[in-house]
1. Looking at region 180-192, is at least one residue in contact (Cβ under 8 Å) with a residue 40 or more places away in the chain, part of a helix (DSSP H, G or I), open to solvent by less than 20 Å² (accessible area, probe 1.4 Å) and more than 17 Å from G131 (Cα to Cα)?
2. Taking the conditions exactly as written (on the phi < 0 side of the Ramachandran plot, of a type in the set (D, E, K, R) and either within 11 Å of the chain's Cα centre (by Cα) or open to solvent by 50 Å² or more (accessible area, probe 1.4 Å) (or both)), does E459 satisfy them or not?
3. Here are some conditions: (1) of a type outside the set (D, E, K, R); (2) in contact (Cβ under 8 Å) with a residue 40 or more places away in the chain; (3) within 20 Å of L414 (Cα to Cα); (4) part of a helix (DSSP H, G or I). H632 meets all but one. Which one does it not meet?
4. Answer with yes or no whether R335 is open to solvent by 60 Å² or more (accessible area, probe 1.4 Å) and farther than 20 Å from R228 by Cα.
5. For region 141-163, enumerate the residues that are buried (at least 21 other Cβ atoms within 10 Å of the Cβ) and assigned to a loop (DSSP other than H, G, I, E, B).
6. Among what's in region 86-111 and is over 33 Å from the mean Cα position of the chain (by Cα) and either open to solvent by 60 Å² or more (accessible area, probe 1.4 Å) or not hydrophobic (A, V, I, L, M, F, W, C) (or both), pick the residue that is farthest from D270 (Cα to Cα).
7. Within region 262-284, how many residues are closer than 22 Å to N224 by Cβ and crowded, with 19+ Cβ neighbours inside 10 Å?
8. Taking the options P32, P62, P43, name whichever one is open to solvent by 20 Å² or more (accessible area, probe 1.4 Å) and in contact with a helix residue (DSSP H, G or I) (Cβ under 7 Å, 6 or more places away or on another chain).
Amino acid sequence: AFRRLVDERVGLFTTVRGDPPRAPLDVDAALPAARITRLTLGPLALEELEGVARSQSDISLPPPSWRAVCRVSGGNPFFALQIAEAVARKGGLAPGETPPLPESLTEAVGDRLGSLTQVARRTLLYAGALGKPTSSILRAGEADAGLEEALEARVLELDGDRLRFTHPLLAASVYGSASAEERMAAHRALAGFVEDPEERALHIGRGYDEPAETVAATLETAANRAARRGVPETAAELARHAERLTPAARVEDSARRAIQSARYAGRAGDTGRTVEIADRLVATLPAGRPRAGALALLGFMVQDEATLLRAAEEADGDSELLAVVHADASMIELRRGDREAAVAHAEAAVAAANTSGDPAGLARALTARALPEAHGRAERALALLEEAGELEQTLEEPLSLINSPSTWQGVVLLNADRLAAAREALEDAYQRGLALGHASRAVPLVYLVELESREGNCERALTYSLEAEALWGERGMAWTLVGRVVIEAHLGNVDVARGAAHRSAELTRERDLITLARTEAALGALELSLGNWRVALELLEPLSTLPDGEPLRDAVAFRASADAVEALLGLGRSAEAKELAERLERRARAIGLPSWVAAAARSRALVFAELGRAPEARAAIADAMTVHEDDHEPLEHARTLLAAGAIERRAKRKAEARDALEGAEGILEQLGARLWLERARLELERIGVYRTAGGELSAAERQVADLAAGGATNKEIAAALFMSVKTVEAHLTRVYRKLDVHSRTELASHLPPAPR
């Protein structure tokens, strides 16, 4: 029957297991190949698997646990969901721990394993205990007696010397079902045969439970080596074993190793475990330097200055620790908006670091001292950050990217409108974090979201935002959510942006005024694009009243103030709008940043238009457009064109209004900025134009089309018509659509005669 269907709109969808797969009833053989589409469903990647699991439940696991779930499930989302639920019930995984299997999955693999002899199961236990099992290692450990049986049962498969379990669930089941004594015996035996020093250290750590300082010291050294190599999960596990095997009398050694394990777990993204270990040490250690170190770590993780000050009290003159404590306290005060306290702590950090001679502490201290100068004295801030960056390059163990001068250099450059240099610094910080496996690379990612949004690279910005969220999960959500608010507001995804903004505000209020400011500014811009003037002003007005020169908030506050001008005009409060626009104009002239000059000019134009002073409004728009030509931010450019179109419409200059509004429409279409695009189209409707029909081109489009058809490049057209390249691209996009052509060659043959 299916073969007889020719023109009917009927499809057949089948799923089938097998290699190679063959459709039921030989449908694939009966139909022509052109009528069949085959999709091979392979394992899901980590991000996809986590997304599926989160969409089906409210499970929240740190990134290392998700990676373990993905590994054991083999990328199967059905298995992953069940394993993730079991891990969540257990309360998470210790570094290196194998996820527990729920009973349903244990039963699913039981048939395959149940018929095997004890000899084969011993072979499988050794294979499961190895990171990369090989037949030669099993032979060396005299554990290969059951290898043939395991291969015949298709539990293992052999590729040269390399052994693989046919599904990771089998490895997890074999390892998990063995007793603790059996697992430890296997690891002790394997420690004598594996060649890689790091893997040998892991087997030693997993195979012994009697404290021994020589073993603990060996594991500590291996942990530090693993951290430098960029595998913080392994480093955290090795340091955990080092602490566990430290004799009880060696309190300072034990505390140091525990703090190392906590830090490495945090680098891997398991910040909850970092806090858990620090909490335990604070509760159990006596007052003194070891507990001071734990207090310093805890204070940094929970961003609590009182805890940091307790650490300073117990540091007992340890200048190396005091430098770290004061640098962290400075950052906390800065984020709370107290510049004077931030400077005082930063200067104390620099003094302590100079006393200790510790380059890592001095790099952190100089970074903290630079940030209060980040606006108004950007060159001073950048000089300090450059000095700190030179120190960081000498370190064996790089700083967390939360404290790294390269991260904050990128942020200062971003706020100073030096976008190319900001991109270089932030991408360099991100790549270093990626190479070292540091979850703190979420910090440069969040600022890269803002940079890409400003430059119109929305798809890349959204990718960065999602990656930052995946890296830090719940504990880092305040940082990472703001990136999501920025890009979703940019794209006009109202519900997602509002939800992320409200969650971010809950997490940051009273604690992190910089992140709160960025969140409320992005949400205010979203409400503005919806025409919700009152709601937008409630969010934007507090930012517009911040004193000039607020470190790291000034750039956010300025853009928010420009949006507040528009909201005030929407509410009919033109006198207040005029006063705020004049303040912005004075500030923009004093600072001289291109984005500020353009935003202030657009604000001035909108106020002039409201007051009926059309010539002055046009002059102000021209000032803004001059900036956009040289320092192009697509959304800001489109908003200026939108303002120009509205001004010309009110002045009854329909042709000029249409050119400006269609220019805005083209840019906004390319950006996918849906809400602003609707605003542009509404303005076009108000002048009696939505889209010109058929091949009718606007005057600007006709000029661009004539030059393009004559062979001019986009850059040459931009120079000839005093446009930006982006504006030329937007005009050409509309020309192609109206004339139904796809290339310059087609354009030349389809371009209608110019009107006389």
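The values are calculated or read from the model by the stated rules, or taken from the named source; none is laboratory data. All of these numbers come straight from a predicted model, not from anything done at the bench. Positions of Cβ are generated from backbone atoms using ideal geometry, with glycine treated the same way; all protein chains shown enter the neighbour counts. Please note that ligands, DNA and RNA were not included when accessible areas were found on the heavy atoms of the full protein model with its side chains. Shrake-Rupley method; radii C 1.70, N 1.55, O 1.52, S 1.80 Å.
1. no
2. Yes: the conditions hold for E459.
3. Only one criterion is unmet by H632, namely (4).
4. When the stated conditions are applied, R335 does not pass them.
5. A143, G146, V155, listed by residue number.
6. This residue is D111.
7. So the answer is 15.
8. P62
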